[in-house]
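The next block holds one structure in the form of structure tokens; read it before the comments.
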């Protein structure tokens, strides 16, 4: 049931540990990191499946990083793989925040932290904008038009994305049945 | 029994956390501040600020921090972090299982095809929402964005890019 490559649970753990340790700002900013680690370096996914996993991870509750870890881990090694990947992605958060809670009460107002984060913010926008552009380039014209419309409606009107996800799913199912 | 309550609260937060970290915040606020009174609104706001400044999902970061603050020890952290991860882990496992079973199913494909533009649109919105004065404080920030955009596009190592941009921030803004 698993693909030809059998990554060790340890490899899954370490890969997602890296992803967890470098996801700043928004879960979306991890897409280039996942693509680099999981699609290009390891070849665990092709681009189409990566896109499908992106849709599934976003439509389930919970953090995008965690959902992605489950999907990739399960694909490679079943439930054990999913658990190893989730542990990997959660552990950096856990260690860092625990250390801050225990010892670094001045973290929030530390000027070094603030300066480093200020430098990272524009890079994080780029880490989201590039996959956005790449996804657009892989879609047909009506999907591109719809994507841009959804982006503008959420951005300008502040509508909750949840409606779009489920609305899209329902319309897709109806359309598939209708075309039969 | 504060541990049990903490566990149940975070289980609930994990369950209803659709739509990413920010959607979860009001739920967290309700459980931690309003229902149980474990922290004040200001304390929680500080914790959320730190959760946004540190790597990893906000919900997980926040759970670790709140768990420690509420119980005063590491077990609270472990419990809250585990509880907030458990529902998404379970639900996503089920979804993934069915995805691999139904991958070639026409209806499944139809749903995914229609959901793609929605999800990509959400991503575009996330990028646009970050294009504010807090991000683009000056021309050097715009320069960092342009250089980063080209770098990511050319498949430059994203982790290295984050390290370099943090170093640039230390040089520019300290």
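Where a number appears in this text, it was derived from the coordinates with a stated rule and is not lab data. The structure presented is a predicted model; accordingly, all values stated were derived computationally and were not measured. A quick note on method: Cβ atoms are made from the backbone with ideal geometry, for glycine too, and the neighbour counts reach across all protein chains shown.
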*Would you mind calculating the gained length between residue B:26 and residue B:132 on full extension (0.36 nm times residue separation, minus the Cα-Cα distance), in nm to one decimal?*
35.9 nm
*Which whole-percent values make up P(r) of the protein assembly as shown when all C-alpha to C-alpha distances are grouped in 10 Å steps starting at zero?*
6, 25, 34, 26, 8, 1, 0
*Any idea what Rg and Dmax come out to for segment A:9-138 if you just take the C-alpha atoms, in Å?*
15.6, 47
_Partner chain coverage, peptide B:40-48 - average Cβ within 10 angstrom_ = 1
*Averaged over B:1-13, how many beta carbons belonging to a partner chain fall within 10 Å of each residue's beta carbon?*
0
*If you average 1/r over all unlike Cα pairs in segment A:140-180 and invert the result, what Kirkwood radius do you get in angstrom?*
11.2
*For the peptides A:62-73, B:72-83, what is the packing order when you average, over each peptide's residues, the other Cβ atoms within 10 Å and list the highest mean first?*
A:62-73, B:72-83
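Starting from the Cα gyration tensor of chain B, multiply each eigenvalue by 5, take the square root, and state the resulting semi-axes largest first in whole Å.
31, 28, 14
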*Using a basic spin-label model with each label point 7 Å from the Cα along Cα→Cβ, how many nm lie between residue A:170 and residue A:40?*
4.0
*Which whole-number percent is the relative contact order of chain A (Cα, under 8 Å, 6+ apart)?*
26
_Within 10 Å of each Cβ in A:133-140, how many Cβ atoms from other chains are there, averaged over the peptide?_
4
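From the mean inverse distance of alpha carbon pairs (Kirkwood) and the Cα radius of gyration, derive Rg over Rh for segment B:106-173.
Numbers: Rg = 16.5 Å, Rh = 14.3 Å.
Taking Rh as the inverse mean 1/r over Cα pairs, Rg/Rh reads 1.15.
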*Between residue B:73 and residue A:133, with labels modelled 7 Å along Cα→Cβ, what's the label distance in nm to one decimal, could you check?*
5.3
*Computed E for residue A:153/residue B:101 - FRET, C-beta separation, R0 35 angstrom, nearest 0.05*: 0.55
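Counting other beta carbons within 10 Å of each Cβ, put B:152, A:171, B:120, A:89 in order, fewest first.
A:171, B:152, B:120, A:89
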